[in-house]
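Student: Structure provided below as structure tokens; questions to follow.
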Amino acid sequence: MGRVRPKMEKGECMKLSQIGKIALPLALAGTLVAGVPLEALACTQVWIPDAYTADQGVWYFGRSEDYSSRYFKIFGVEQAHPKGFLYYSAENGVDSSFKWNAEKPTYRYTFVRDNHKEWSNQPNAYSEAGINEKGVSCSATLTTAYNDQAKAADPSVKSGIGEYDYASVILGQSATAREGVELIGRIIDEKGSCGRDQLIISDNKESWLFCVLSGHQWVAYQLPEDGVSVNPNMSNLRVDLDIRPTSENDPTPVVGKNILCSKDIIKMPKEASAGSFLVLNENGTINVPETYGKADSGNSRYIQGRHFFDAMNGLDYEAADGAVTKLTKPTQFFKPGRSNYTVKDGLNFFAYRGEGTDVDSNVTSVTAIGSQRTTETNFFEIRRGMDPEIATIQWEGLAPGEFNVEIPTYSALLTSVNHRYGDVYMDDAHEGQKDKGVDAALQAGSWDQYLPYVMMDLNTLGDANRAKVAPGLRAYLDAVQNDLIAQHKQVDATMQKTPKAERQALANKAADVAAEQTWAKCEKVLQEVRAYLKGDQAKPFQASDYNAATKGLVTPLAYASSVIPATPDKPVTPAATSIAKAKVSTAKSKYTYTGKALKPKVTVKVAGKTLKANTDYTMSYKANKNVGKATITVTGKGSYTGKVTKTFKIVPKKTGVSKLVKGKKSFTVKWKKQKAQATGYQIRFSTKKSMKSAKVKTVKSAKTTSLKVSKLKGNKKYYVQMRTYKKVKVGGKTTTYYSDWSKAKAVKTRK
């Protein structure tokens with residue numbers, strides 16, 4: 001049966017017993033978490049409205065789900081079903097849990113689900129994040145809690161709806177975000193809920209936060225456009241909602257614009273049999289967090305999030321040993337430090353660990369936003385004014401955000417996904433045990449064909465080897481992500497111009513290529529990390545495909561070129577291959593000074609293929625006239641891109657011995673003066689023609705043309721050579737360059 005989710009106490013959903021697996025709220029969502037240790041609630045959600053994004057009319061939201069460091073998730077497509085399709089839950093046992101029949105034919109949608117073994121072998125559990133064919137997106141859920149008074153007055157309903165079905169029902173039945181909000185509200189009114197959850201429902205016109213407050217009470221409202229939000233399951237983030245009783249004697253709610261709620265949201269707490277626990281604000285509106293939720297203390301991830309967005313003004317908090325110990329009146333929404341956030345910024349958020357701040361998870365044990373307990377990250381890029389079927393891009397990463405690559409899909413159009421994602425029936429044996437994670441991650445096997453396992457193993461090995469592996473691995477995965485984002489912009493430009501009837505084929509192809517190429521890059525670097533950890537670790541890890549100079553890839557992805565269709569007037573150009581790590585060689589390693597610029601020919605090879613000069617590359621030279629180190633820069637051309645450099649030495653002209661004059665136990669060497677690019681000379685002599693055990697004399701002036709060598713043995717034959725040298729100073733460092741030794745000449749001393 002595998003790991004079957006444990007049963008809950010009567011009237012509660014299964015999820016609260018596994019606190020680690022809790023999603024996030026935005027806005028009010030976080031104000032309702034109660035009775036749970038803060039560090040156990042480790043998922044994080046982010047909201048970035050279009051007022052603070054780089055592109056006009058574009059906004060983002062997303063969430064990371066935390067549960068276990070080795071726990072795979074599956075990305076897939078749920079096909080459409082006829083009217084009457086049964087939605088059911090296994091949260092409290094299949095026979096006792098939620099059941100509801102679709103009121104109309106269902107829509108196709110994407111999902112991110114658990115392995116079937118996690119839910120009593122049920123394959124339809126916890127769809128979590130996706131987009132349906134109408135362009136409605138959903139990220140679910142945040143588990144929260146209610147206070148004892150709310151629990152007593154309106155307890156959970158065992159057969160009510162819960163996290164198992166929220167996203168499936170919403171995406172399967174809703175043509176707009178508001179329809180999704182109204183549908184879930186109606187189901188809770190009729191059937192109740194089995195847990196406290198929040199979820200975001202969106203289309204490309206509006207984004208809503210839906211909050212389940214108690215067994216039958218709920219509230220939902222549009223997320224605002226004037227503030228960023230970071231919510232790591234906090235229960236005390238301050239937000240006001242315009243919901244007030246009709247009068248002092250009539251608790252029927254009167255709600256402001258863009259707010260929906262249950263009809264008894266005020267009446268239930270006001271008329272509770274054990275006494276009223278309704279809390280009203282000074283302006284007469286209901287204080288929903290204080291009425292239904294419980295207060296809790298500060299949260300270090302909230303401060304990490306504020307640091308990430310450079311939004312520390314107005315915060316009143318205290319931190320000790322890297323953790324927040326006191327946080328006063330934190331706000332749900334805040335103004336960030338800038339207003340040009342991009343997709344990459346949003347994805348970087350899920351990897352953030354508070355580096356260099358007072359809540360740095362790399363130097364303390366405080367739980368990070370970029371936690372290794374994260375199982376997946378979902379991030380939605382929404383474009384106002386576009387056709388709903390292409391307006392929202394789902395960026396999905398099936399691993400902790402720190403060592404991850406999130407892949408873009410037009411999920412509203414997808415009918416299938418690449419096999420690299422696996423499926424809900426995939427064998428979970430490679431997950432291994434938490435304390436055996438590194439051992440499992442080091443083992444290659446059939447599991448390496450699947451993205452969830454590849455990314456899981458990269459995170460395990462990167463986290464376990466933070467000094468030597470993590471920096472190089474993170475740099476490489478960032479390079480892959482940046483290239484994927486850049487090329488997706490090209491794909492998106494084509495998608496927007498593609499006729500409606502042809503979009504689905506393009507969307508499926510794009511998703512397939514993006515997944516396959518991302519897997520190929522990540523699987524290769526996984527094998528390199530494994531080999532590195534089993535071999536020489538003298539130097540920090542660096543991927544063979546990483547160009548440290550450009551912080552990019554040696555061989556870029558071919559995502560855009562593989563997806564964008566060719567036309568007669570605009571054929572697709574194959575993706576250029578980088579030559580940054582090409583093998584460049586010259587005929588010799590050093591050349592002799594001639595007084596003219598030296599331009600030796602080079603041989604350039606990429607992956608064993610010899611490239612053609614002026615077709616595949618061009619060359620330029622620097623410092624290639626005088627004695628010293630010269631540089632050749634090879635620049636890619638045509639099908640090749642990037643640059644690579646090769647150096648060669650220019651050495652002084654060789655000086656020969658012009659005359660040897662023998663003397664008494666001595667000899668004198670004479671030569672012709674070098675007129676240019678010489679500092680001095682060296683003379684070496686030996687009684688052996690091989691010059692073994694030779695002694696060397698240095699002449700420090702190039703103007704000198706003779707040297708007497710004395711204190712030798714009499715009547716002894718000596719072999720003599722000489723060479724020129726030149727001292728070159730570059731950047732404060734002096735290097736000596738030598739010519740070749742001259743041809744040896746012999747002389748015999750007198751007694």
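Student: Please compare each pair in 700/733; 270/329; 524/551 to a cut-off of 21 Å on the Cα-Cα distance and tell me which ones are over it.
Tutor: 270/329
Student: Helix by helix, which DSSP H runs in the chain go 24 Å or more along their axis at the Cα atoms and have an average Kyte-Doolittle hydropathy of -0.5 or more?
Tutor: Membrane-span-like by this rule: 470-497.
Student: Of the options 228, 218, 259, report the single residue whose Cα projects farthest towards the positive end of the charge dipole of segment 211-275 (beta-carbon charges: Lys, Arg +1; Asp, Glu -1).
Tutor: The one lying farthest along the dipole's positive direction is 218.
Student: Here are several values of percent of Cα pairs over 46 Å apart: [x] 37; [y] 22; [z] 71. Which one was derived from the coordinates shown?
Tutor: Of the labelled values, this structure produces [x].
Student: If you don't mind, there's one more thing I want to ask. Over segment 607-646, what portion of Cα pair distances is larger than 16 Å, expressed as a whole percent?
Tutor: When every Cα pair of segment 607-646 is considered, 40 percent fall beyond 16 Å.
Student: Around residue 132, what is the net charge, scoring Lys/Arg as +1 and Asp/Glu as -1 over all other residues with Cβ under 12 Å from its Cβ?
Tutor: -3
Student: Using the Cα centre of the chain as the reference point, and only Cβ charges (+1 on K/R, -1 on D/E), how large is the resulting charge dipole? Debye, rounded to the nearest 20.
Tutor: Charge dipole of the chain: 13560 debye, to the nearest 20.
Student: Further, regarding this structure: Defining a contact as two alpha carbons under 8 Å apart and six or more residues distant in sequence, what relative contact order in percent does the chain show?
Tutor: 10 percent
Student: In terms of modelled amide H atoms, which long-range or inter-chain residues lie less than 5 Å from the amide H of residue 592?
Tutor: Distant-sequence amide H within range of residue 592: 651.
Student: Hey, with R₀ at 41 Å, roughly what FRET efficiency would residue 581 and residue 693 work out to, going by the Cβ-Cβ distance, to 0.05?
Tutor: E between residue 581 and residue 693, to the nearest 0.05, is 0.40.
Student: Express in whole angstrom the spacing between the alpha-carbon centres of segment 605-634 and segment 495-574.
Tutor: 28 Å
Student: Trypsin sites (Lys or Arg not before Pro), restricted to segment 208-265: which are DSSP loop and have at most 13 other Cβ atoms within 10 Å?
Tutor: Passing sites in segment 208-265 are 257.
Student: Here's another thing I want to ask about it. Which value at 222 nm does the chain reach when only helices count, each DSSP H run of 4 or more adding -39,500 (n - 2.57), with the total divided by all residues and rounded to the nearest 500 deg cm²/dmol?
Tutor: It lands at -6000 deg cm²/dmol.
Student: Can you tell which of 201, 449, 349 lies farthest toward the positive end of the dipole of the chain, using +1 and -1 charges on the Cβ of basic and acidic side chains (Lys, Arg; Asp, Glu)?
Tutor: Towards the positive end, the residue furthest out is 449.
Student: Expressed as a whole number of Å, what is the distance separating the alpha-carbon centroids of segment 645-675 and segment 369-447?
Tutor: Measuring centre to centre over Cα atoms gives 69 Å.
The numbers here are math on the coordinates, done by the rules we state, and not lab data. As the structure is a computational prediction, the values presented were derived from the model and not from experiment. A quick note on method: Cβ atoms are made from the backbone with ideal geometry, for glycine too, and the neighbour counts reach across all protein chains shown.
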